[in-house]
Amino acid sequence: MSDEQIIKRRLMFDGDGIGDDRRLNLLQNLVCKWANKLTERGYGKILHILSQCEAVPRRSGMIRKQKEKELRNYKEFQQISEADIADTRKSIAYMKDIQKKSQIVKQNKVKYDLLIKEIMHYPKINETKEKINNIGIDIKSMRINKSDLNKKINDLKRQFQVFTMFIQRSIEDVNEDKCQITGDWEC
């Protein structure tokens with residue numbers, strides 16, 4: 001027989017381990033002594049031990065019921081605790097998610113602020129459009145001026161060509177006149 005089986009039998013025999021077997025042995029000895037002497041005092045001791053032996057199962061039953069009640073309470077408490085732990089884990093996960101999102105929002109805000117600072121270095125769209133329109137008008141007027149200048153240059157070129165032709169003819173005429181006056185026909 002193993003130690004565990006011996007302990008189980010002893011507990012079954014001893015009850016809840018508060019000396020029932022000792023009381024029964026004592027009761028047996030007292031009954032034997034009382035049967036031999038039949039005294040009133042021995043009878044009182046026997047009744048006292050019998051009442052103790054009868055009280056033990058009631059007390060054991062009450063203790064068992066109390067322990068069962070405590071066990072139920074502990075199980076309920078465990079279920080509540082597990083539910084609370086699950087809720088807490090969910091809320092922690094939710095808070096982590098919120099924290100990640102808030103970090104992303106914070107990073108985006110920083111990037112946005114940097115972008116705004118960079119954009120503020122540049123002029124406003126309306127000012128830029130107005131400058132572009134003014135530059136476009138200036139370009140158109142410069143093209144018109146260019147075409148006018150090209151016409152004037154062409155006119156001046158023609159006049160210059162006419163003037164150079166006139167000067168060449170004048171030089172030729174002067175040379176011819178000079179040759180006629182000098183009488184040199186080889187000039």
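What is the number of the single condition among (1) surrounded by fewer than 10 Cβ atoms within 10 Å (Cβ to Cβ); (2) modelled with pLDDT of 95 or more; (3) among the small types (Gly, Ala, Ser) that residue 91 does not meet? Failing condition for residue 91: (1). Taking the stated definitions as given, is residue 116 in the same structural domain as residue 32 (by TED's automatic domain parsing) and of a type in the set (A, V, I, L, M)? Criteria not met by residue 116. Are any of the residues in the stretch 62-70 assigned to a helix (DSSP H, G or I), exposed (fewer than 10 other Cβ atoms within 10 Å of the Cβ) and out of contact with any Ser or Thr (no Cβ under 8 Å at 6 or more places or on another chain)? No, the conditions are met nowhere in the stretch 62-70.
Candidates are the residues of the stretch 4-21 that are among the charged types (D, E, K, R) and at pLDDT below 70; the one that is surrounded by the most Cβ atoms within 10 Å (Cβ to Cβ) is 20.
The values are calculated or read from the model by the stated rules, or taken from the named source; none is laboratory data. Being a predicted model, the structure only gives us computed values, none of them experimental. Cβ sites come from the backbone with ideal geometry, for glycine too, and all protein chains shown count toward neighbours.
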